[in-house]
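Bear in mind these aren't lab numbers, they're just calculated from the coordinates by the rules spelled out. What you see is a predicted model; the values in this text were computed from it and never measured. Cβ placement follows ideal geometry from the backbone for every residue including glycine, while neighbour counts extend to all protein chains displayed.
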Amino acid sequence: MKETNWLRIVLSFATECKLKMIFSVLCAIVSVTGGIVPYVGVYQIIILFLDGKQTVTSILFWAAIGLAGHIVRLVFYAISTMFAHFSAYSILENMRLRIADRLMKAPLGTVLNQTVGKLKNVIIDRVETIEIPLAHLIPEGISNLLLPLGVVAYLMMIDWRMALAAIVTVPVAAGAYAIMMKTFNKQYADYMESNSYVNSVIVEYVEGIEVIKAFNQSTSSYEKFEKAVESFKAYTFNWFRSTWKLMNFGGAVLPSTLLGTMPFGMYLYLNGSLSPAELTMCLILSLGIVAPLASFTVFVNDAKAIEYAVKDAAEFLNLKELDNANEPAKLKQYDIELHNVSFSYDADKNSPTCMENNVLQTVNLKLAQGTFTALVGPSGGGKSTVARLIARFWDVGSGEIKIGGVNIKKLPLTQLADTVSFVTQDNFLFNCSLRENIRLGNPQASDEAVIAAARAACCDEFIRNLTNGYDTNAGEAGGKLSGGEKQRIAIARAILKNAPIVILDEATAFTDPENEDKLQKSIAALTKDKTLLVIAHRLSTISNADQIVVMEKGHIAKTGTHEKLLKGCELYRDMWEAHIGAKNWAANNEKGAVK
Ligand code: ADP
């Protein structure tokens, strides 16, 4: 969606509530029409009096007509507001769903580069600001626009000169507003910028309060906070001060319809070209449009508020999605091949001319089906990047990645997700029961299958020891679960998913011997007969791999088995010796401690 007009963007989310919106608008029009009826009633009663034909019945009749009109106005206004609220909320719902959908389909990097604060602010707060103006803009905005137009039309029917007299203040007020509006856009933009700066300072202050206290920085941090709030106040105040004269002048003049109708009406009456009944009616009618005209400025502000909220949301609504194939491909094999893959996290600099930004440079690698491949190498060498590209969290810059001979870009994202299990070190548990957390691996799985997976991942025992067993909420259990236990739950989830390809980011933490043993068992259950890729941090766990790939600075330095690499790759030998040395050192230390 490349649309930039905020109104069109809002309306593009209104497709399913279009009828409700149209109905709301129609009701608003009926309500406005009903609002004019009491004036007609009053007009008729005045005529009755002036003609000396007033009777109780005739007065009551016109009074009843007026009352009926007023009731129509109120009832239809209520219906219009109700449908406007329905529409506004479904527009909000659609916008939020679309943002969530875009976040899901965008490259992971784009999503992770956003701060949680910003995402929350846009999806919840900014989108919410659209609701009130939108829900009120439809019924009230329309009433406030149509009522004066209707009244002026009615005045035209009575006497066109009086109609013009009633709107004589409009050009004067419009002049004042035009001067004000010249800087309004710029000032509103500055105001929003100032507003988000204060927000960010407040969030920083609250989030960093622990560090601020620990380092005794409360005075200087508070000063920054205070300055931001102070300057926001000063900015807002100056803005209002610079506009209040014109705003109040416009606000006072615009609804003062009597300024034109009173003297001009008197003149026409004295002239003999306006009857007393017509004069009275014109004066009453011109008073009737005071309120809608007075609220005109509010709607300019409301429209601006929507515009800005939509602008903020549009950043996420327009997130570039990964291309997604529609037709699932038939995969006969689950081998993986990386062919000349280059990649940079900085998408714009992905061109071959900017090689220095490439995190991976012309990587070629084959993982045969059902084999175990380990990626090793110094930190920052690109191991995790290779794994993420295979799961298509990002798209390759150049080259291609194939699974079973099919380019992964040709696989629908859901099929790829079903094919690849990615177990990271970040074992996120959702705020639902442990049973449901495991079932996420396969939402159709029976309770028995969930428990079998948990057993295979060595989770069953500790889960049963929790007060509510499998029904324990992960949030409540969070504090009681060790890092290793959380990881085994994540592995149980992946076991249940039973994807033919498993990518495992080996945990560096939780390496106490008891957990290590269980972890290895659960990993063995997960990876049996799978095409397995492990990002290895501890070389002893992968020495039996079918192939070990040594990565350094975005290149593959060497590929081979453990024995071959020990002989033929200096980097691997150094890493192995360092690892064994560290292991021995730790073991000796442990022995020393026991003594
Ligand atoms: P390894 O797994 O071997 O430690 P990575 O693949 O994580 O290496 O990182 C390779 C390079 O890419 C590093 O220089 C790292 O700083 C960079 N990098 C990793 N993730 C991101 C990211 N999300 N955005 C930008 N650069 C990244």
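The ranking of Tyr77, Tyr191 by Cβ neighbour count inside 10 Å, starting from the fewest, reads Tyr191, Tyr77.
If neighbour count is taken as other Cβ atoms inside 10 Å, put Arg161, Arg439 in order from fewest to most. Spell out each step's value before the answer.
On the way: Arg161 17, Arg439 22.
Ascending number of Cβ neighbours within 10 Å: Arg161, Arg439.
Taking N as the residue count of segment 336-594, its C-alpha radius of gyration divided by 2.2 N^0.38 Å amounts to 1.07. If you take all other residues with their beta carbon under 11 Å from the beta carbon of Asp312, and give Lys and Arg +1 and Asp and Glu -1, the sum is 0.
Does anything in segment 551-573 have its amide N under 20 Å from the 7 Å Cα→Cβ label point of Asn357, and if so which residues? It comes to 553-555, nothing else.
Projecting the Cα positions of Val550, Ala252, Gln54 onto the charge dipole of the chain (unit charges on Cβ atoms of Lys, Arg, Asp and Glu, taken about the Cα centre) puts Val550 furthest along the positive direction.
Report the net charge of residues surrounding Ser421, where surrounding means a beta-carbon distance below 10 angstrom and charges are Lys +1, Arg +1, Asp -1, Glu -1.
Details: positive: Arg493, Lys497, Lys530; negative: Asp418.
Computed value for this residue: +2.
Taking the C-alpha atoms only, the angle from helix 570-594 to the longest principal axis of the chain is near 90 degrees. What FRET efficiency do you get for Leu331 and Glu128 if R0 is 35 Å and r is their Cβ-Cβ distance, rounded to the nearest 0.05? After rounding to 0.05, the efficiency reads 0.20.
Could you rank the peptides 385-391, 559-565, 543-549 by their average count of other C-beta atoms within 10 Å per residue, with the highest value first? Let's see the in-between values first.
Values: 385-391: 21.7, 559-565: 15.9, 543-549: 18.4.
In descending order of packing, they fall as 385-391, 543-549, 559-565.
With each label modelled as a point 7 angstrom along the Cα→C-beta vector, the Ala368-Leu566 pair spans 2.2 nm.
Fewest first, what order do Glu207, Glu516 take by the number of other Cβ atoms within 10 Å? The most exposed by this proxy come first: Glu207, Glu516. Placing unit charges on each Cβ (+1 for Lys and Arg, -1 for Asp and Glu) gives segment 60-173 a dipole about its Cα centre, and among Ala153, Asn121, Met82 the Cα reaching farthest toward its positive end belongs to Asn121.
Suppose every Lys and Arg Cβ carries +1 and every Asp and Glu Cβ carries -1, with no other charges. What dipole size does the chain come out with about its Cα centre, to the nearest 20 debye? Let's see the in-between values first.
Numbers: 57 positive and 57 negative charges, 104 e Å.
Computed charge dipole of the chain: roughly 500 debye.
Using only the alpha-carbon atoms, how far is helix 513-527 inclined from the longest principal axis of the chain? Give it as 0 to 90 degrees, nearest 10. The answer is roughly 80 degrees.
Candidate cross-link partners of Lys530 among the aspartates and glutamates, defined by an alpha-carbon separation under 17 Å and a same-chain spacing of 8 or more, comprise Asp335, Glu337, Asp418, Asp505, Glu506, Asp546. Relative to the longest principal axis of the Cα atoms of the chain, the long axis of helix 447-456 lies at roughly 40 degrees.
The C-alpha radius of gyration of segment 394-443, expressed as a fraction of 2.2 N^0.38 Å, stands at 1.50.
Semi-axes, largest first, in whole Å: what does sqrt of 5 times each Cα gyration tensor eigenvalue give for the chain? Spell out each step's value before the answer.
Working: eigenvalues 1026, 142, 114 Å².
Value: 72, 27, 24 Å, ordered largest first.
Add -39500 (n - 2.57) for each DSSP H run of 4 or more in the chain, then divide by its residues: what number comes out at 222 nm, to the nearest 500 deg cm²/dmol? Present the calculation step by step, with values, prior to reporting the outcome.
Numbers: 25 runs with 373 residues, N = 595.
The per-residue figure over the chain is -20500 deg cm²/dmol.
For Lys213, a cut-off of 17 angstrom between C-alpha atoms picks up these lysines, skipping any fewer than 8 places away in its own chain: Lys224.
Summing +1 for each Lys or Arg and -1 for each Asp or Glu among the other residues whose beta-carbon sits under 10 angstrom from that of His339 gives 0. Per-residue extension of 0.36 nm, minus the Cα-Cα distance of Asn340 and Glu230, leaves a gain of 34.0 nm for this segment. Loop-located GluC sites (Glu not before Pro) in segment 229-330 (DSSP state not H, G, I, E or B) with no more than 15 neighbouring Cβ atoms inside 10 Å: Glu321. Semi-axis lengths, largest first, of the ellipsoid equivalent to segment 251-398 are 77, 18, 12 Å, with √(5λ) applied to each eigenvalue of the Cα gyration tensor. One decimal place: the segment Asn301-Ala178 gains 42.8 nm when fully extended, by the rule 0.36 nm per residue minus the C-alpha distance.
What FRET efficiency, computed as 1/(1 + (r/R0)^6) with R0 = 25 Å and r the Cβ-Cβ distance, is obtained for Lys480 and Phe428, rounded to the nearest 0.05? With R0 = 25 Å, the Cβ-Cβ based efficiency is 0.90.
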